[in-house]
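The values are calculated or read from the model by the stated rules, or taken from the named source; none is laboratory data. No experiment lies behind these values; they were computed from the predicted model shown. Reconstructed Cβ throughout: ideal geometry from the backbone, glycine too, with neighbour counts over all protein chains shown.
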Amino acid sequence: MDTLSVWRGTAPSPGFGMLSGDLSTDVLIIGGGITGVTLAVLLARAGRQVMLLEAHEIGSGSTGNSTGNLYETLAEGLSSVRSRWGVDMAREVLAVRRAAVEFIEQQARGVPDAAFRRCPLVRYALSPSHQAEVDKEFESLQAAGATVERSQQLPPGLPAAAGPVVMLANQAQMHPQGYLVHMAKQAAQAGASLHEHTRVLDIDTNARVVDTATGAVKYRELVMATHTPKGIRLVHNEMPVHREYGVALPLQAGHDIGPGIFWAEGDEGISVRTLDHGGQRFVVCVGQDHLPGAHNAKAALMAVEAAARRHFGEAEVAYRWSAQNYRGADSLPYIGRDKSGCFVATGFATDGLTWGTLAARMIADELQGGMHAFARHCKPTRLSPIKGGKALLQEAAVVTKALLKDYLTHRQEERLSSLAPGDSALVDAEGESCAAWRSPDGELFAVSSVCTHMGCKVHWNSVETSWDCPCHGSRFRPDGTVIEGPALKPLARKYPRSLEP
Ligand code: FES
């Protein structure tokens, strides 16, 4: 299935050249999303020598596949922070996230492609059983001093509310890819060196050298702005991986809902917003949160598509996409130096545009000799292996069950020769466990099914045509190439012809 987000489809990267040859730099940033690009702008403007490497294109990771919503609370709910850390921390979270949104507003001023606008965030329950969560969120926001109120009103066309809705005033939304492209140009203009299609293959933190296929870079400081850090790190065990699905379709007459972030909570929960682009108004719907490897990706995407068309008219879906997120074990992100001396910025859950902007500002402060006041709460070295491990084990148990069922029953018996075009299978071939897929034009790809990060078994993602690892979110193309996640090495390529029965 072809997937492309409405953001990437309407604001492509201007194109930055591949790295060529061996170079050195003061600060090396891996990852061209909002964290890395914002940091490149801040450091380059401060006169630092900065290089940024992006494996694909600017914004092709989470930023260009997000919702574009900017808010001071958390998608999980401010109540999660309040109950774990207390009301003072909830107040601090609101303040630093509000400041990050204001920073974006300043950068986006006078930039039409960024499409920044202020709007309310509206949160409500789809069923009475979810009303208590919404009420709890209202109380937490109020206790932390947010400008929040309850209302009975929802714009027509949205899924109906089961009770009072919570309205958080003066939040914002933007075109995330339009903003990112603008910021990438700003970074380049300020002197940063940006390189797309430059995948990092190896990181030597002792020698302070990063290897790519087209050159090596020697650095003084390294920042992994890669959504989840590369390589094997303790922080991975703290962060369960989740995947969500999005669609955008032209809004039909009579279905307009106006500017706003609309979160409908419930079993069929969905996030809704609109986007004006090129004289057309789109409605953007995102939902179906799942653990990778433990669900049917196509069914999840179809469920979001069906909900969007049920509520907003029968227009053809123009864009479909999905995105991965990593959740911190204690509701706060991990930002700062880790034990290896590199900077990491991860655990943003689905709140990454705002956390990512804050992370860039915090890391820039530290690299300039200062320390952001919130940094003490975000140390990546604050790991709580028991708490994090428990969360991960609970989620991994579901994944493992699904994988074993899939692997040991009908899939085990499947023969490569019977794979129809477009089909995938996990099979034993010549004593090895293989992940096989036959392309629509009949070509067979077979790679090792063992994730090169820490050895979990990959699982097919029929929407993105990729092999996804449920443990820490590494994703691979059918030929084994790394798409994203902590894995640095590709899945071992088997020789298709020798595996054909
Ligand atoms: Fe960690 Fe696959 S991503 S084992």
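Tabulated results
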{"item": "Where a residue in the range 403-430 is over 18 Å from T465 (Cβ atoms) and hydroxyl-bearing (S, T, Y) and its partner, wherever it lies, is modelled with pLDDT under 70 and buried (at least 16 other Cβ atoms within 10 Å of the Cβ), with Cβ under 6 Å and at least six apart", "result": "none"}
{"item": "Identity of the residue in the range 447-467, more than 9 Å from the ligand (Cβ to nearest atom) and either of a type in the set (K, R) or part of a strand (DSSP E or B) (or both), that ends up surrounded by the most Cβ atoms within 10 Å (Cβ to Cβ)", "result": "W467"}
{"item": "Number of positions in the range 3-41 that are aliphatic (A, V, I, L, M) and more than 22 Å from the chain's Cα centre (by Cα)", "result": "4"}
{"item": "Subset of the range 279-338 [among the aromatic types (F, W, Y) and either surrounded by fewer than 21 Cβ atoms within 10 Å (Cβ to Cβ) or over 28 Å from T35 (Cα atoms) (or both)]", "result": "F312, Y319"}
{"item": "Enumeration of residues in the range 231-287 that are within 16 Å of the ligand (Cβ to nearest atom) and of a type outside the set (S, T, N, Q)", "result": "G231, I232, R233, L234, V235, H236, E238, M239, P240, V241, H242, R243"}
{"item": "Whichever residue in the range 23-42 is of a type in the set (S, T, N, Q) and surrounded by fewer than 24 Cβ atoms within 10 Å (Cβ to Cβ) and, among such residues, is farthest from N65 (Cα to Cα)", "result": "S24"}
{"item": "Lone unmet requirement of (1) farther than 17 Å from M1 by Cα; (2) out of contact with any Pro (no Cβ under 8 Å at 6 or more places or on another chain) for Y319", "result": "(1)"}
